[in-house]
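Chemist: The following block contains the structure, expressed as structure tokens.
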Amino acid sequence: MTAYAIPPIDPLRISFSAAHGTMTPEGPLLTRRMSDVAGLFADEDARRRAADGDDPVVYTVAASPVPEAAGELPQSLTTILPGAVSGEFHMTKGHMHPDPQGEIYLGLSGRGGVLMYDGTRTEWIEMEPGMIGYIPPGWAHRSVNVGDEPYRFLAVYPGSAGHDYGWVVEHGMGRRVYRDGASYTLAPFSAAG
Ligand SMILES: [Fe+2]
């Protein structure tokens with residue numbers, strides 16, 4: 001028998017809803033409102049005004065019950081609500097995996113993209129229902145809703161990969177994604193101010 005540091009969970013069937021962003025059975029649910037994302041958008045004053053106003057939800061992450069443990073493959077379903085701060089589209093905080101391992105995103109609904117940054121190069125993958133976005137090891141990743149409806153994707157990632165949000169705060173993501181008419185444009189990264 002294989003010796004595990006943490007015993008694996010039992011086989012599991014999980015249903016997920018592309019229409020509602022839920023997983024059943026459900027694990028932890030993370031909700032990030034405008035007041036939770038200080039410093040995320042370039043226009044920090046506009047973000048603060050929105051947080052002091054109706055404090056809208058920027059995104060939610062519904063996890064399955066599969067634990068973030070070595071050997072397991074946890075999943076989460078992220079919903080980024082449509083909207084922008086001074087033209088900069090709603091996005092996730094973004095993170096680097098402290099343990100360099102890959103991850104896949106499967107587009108479920110809406111229109112979005114994955115912004116990736118390795119400290120030098122920036123890559124952008126457009127996402128829509130039916131697309132797999134592949135994030136190789138060593139690339140920080142952030143998701144952006146560039147449409148006018150909720151953008152949802154399912155993430156599957158190694159349980160020991162971890163989430164280093166500080167790396168993105170320190171290094172940025174290379175680009176910012178702004179509304180441009182009915183589409184979007186990638187602008188050079190600028191610090192929040
Ligand atoms: Fe990740």
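Chemist: Based on Cβ point charges of +1 for Lys and Arg and -1 for Asp and Glu, what charge dipole magnitude is obtained for the stretch 77-193 about its Cα centre, in debye rounded to the nearest 20?
Modeler: On the way: 8 positive and 12 negative charges, 30 e Å.
Result for the stretch 77-193 is approximately 140 debye, rounded to the nearest 20.
Chemist: Given only helices, namely DSSP H runs of n ≥ 4 each adding -39500 (n - 2.57), what is the per-residue ellipticity at 222 nm of the chain, to the nearest 500 deg cm²/dmol?
Modeler: On the way: 2 runs with 16 residues, N = 193.
Mean residue ellipticity, 222 nm, calculated: -2000 deg cm²/dmol.
Chemist: Grab the beta carbon distance between Asp148 and Ala192, set R0 = 30 Å, and tell me the FRET efficiency rounded to 0.05. Intermediate results must be reported in sequence, preceding the final value.
Modeler: Details: r = 25 Å, r/R0 = 0.82.
Result of the calculation: an efficiency of 0.75.
Chemist: Out of residues 5 or more away from Ala84 or on other chains, whose amide H comes under 5 Å of its own, with H placed 1.01 Å from N in the peptide plane?
Modeler: For Ala84, whose amide H was placed from the backbone, the distant partners under 5 Å are His90.
Chemist: Using 0.36 nm per residue, how much length does the chain from Asp180 to Glu44 gain when fully extended, once their Cα-Cα distance is taken away? Could you put the intermediate results ahead of the total?
Modeler: Values: separation 136, 0.36 × 136 = 48.96 nm, distance 2.01 nm.
Working it through step by step, the gained length comes to 46.9 nm.
Chemist: Cα-based Rg of the chain per 2.2 N^0.38 Å, rounded to two decimals? Working shown, then result.
Modeler: Values: Rg = 16.7 Å, N = 193, 2.2 N^0.38 = 16.3 Å.
The reported ratio for this selection is 1.02.
Chemist: While we're here: Within the set of other residues whose C-beta is less than 10 Å from the C-beta of Pro158, count the net charge using Lys and Arg as +1 and Asp and Glu as -1.
Modeler: Working: positive: none; negative: Glu68, Glu72, Asp99, Glu103.
Spelling it out: positives minus negatives among the neighbours equals -4.
Chemist: With r defined as the distance between the Cβ atoms of Ala70 and Leu30 and R0 fixed at 25 Å, what FRET efficiency is calculated, to the nearest 0.05?
Modeler: Values: r = 22 Å, r/R0 = 0.86.
E between Ala70 and Leu30, to the nearest 0.05, is 0.70.
Chemist: Here's something else I'd like to know. Whole Å is fine, so just give me how far the alpha carbon centre of the stretch 11-60 lies from that of the stretch 77-131.
Modeler: Each part reduced to its Cα centre gives a spacing of 14 Å.
Chemist: Follow-up. Along the Cα→Cβ direction, 7 angstrom out, place labels at Ser17 and Ser160. What is the inter-label distance in nm?
Modeler: 3.6 nm
Chemist: Rounded to the nearest 5, what % of DSSP beta bridges with both residues in the chain are antiparallel? Don't skip to the end; give the middle numbers.
Modeler: Numbers: 51 of 51 bridges.
Bridges in the chain are about 100 percent antiparallel.
Chemist: Turning to a different aspect of this structure: Using 16 Å as the cut-off for backbone N distance, which residues of the stretch 131-158 belong to the label zone defined by a point 7 Å from the Cα of Thr120 along Cα→Cβ?
Modeler: 137-140, by backbone N distance to the label point.
Chemist: Within a Cβ distance under 11 Å of Val168, other residues only, what is the Lys/Arg minus Asp/Glu net charge?
Modeler: On the way: positive: Lys93, Arg142; negative: Asp164, Glu170.
After counting each charged neighbour, the total is 0.
Chemist: Indicate the gyration tensor shape class of the stretch 132-175 (rounded, prolate or oblate), computed on the Cα atoms with a ≥ b ≥ c the square roots of the eigenvalues: a/c under 1.5 is rounded; otherwise a/b larger than b/c is prolate and the rest oblate. Kindly include the intermediate steps, with their values, before the conclusion.
Modeler: Numbers: a/c = 2.10, a/b = 1.24, b/c = 1.70.
Note, shape of the stretch 132-175 comes out oblate.
Chemist: Kindly provide the trypsin sites (Lys or Arg not before Pro) of the stretch 2-94 that DSSP labels as loop, not H, G, I, E or B, and whose Cβ sees at most 13 other Cβ atoms within 10 Å. Walk me through the numbers on the way to the answer.
Modeler: Values: sites: Arg13, Arg32, Arg33, Arg47, Arg48, Arg49, Lys93; in loops: Arg13, Lys93.
Qualifying residues, ordered by number: Arg13.
Chemist: A further question on this structure: So who's got an amide H within less than 5 Å of the one on Ser109, skipping anything under 5 residues away but keeping other chains? H placed 1.01 Å off N, in plane.
Modeler: So Ser109 has HN proximity to Arg152.
Chemist: Could you compute the net charge surrounding Pro74? Neighbours are other residues with a C-beta less than 11 Å from the C-beta of Pro74; K and R count +1, D and E count -1.
Modeler: Details: positive: none; negative: Glu68, Glu72, Glu103.
Cβ neighbours under 11 Å give a net charge of -3.
Since every read-out is calculated from the coordinates, none of them should be taken as a lab result. Note that the coordinates shown come from a computational prediction; the quantities given were computed from them, not determined experimentally. Methodologically, a virtual Cβ is constructed for each residue, glycine included, from the backbone with ideal geometry; neighbour enumeration extends over all protein chains shown.
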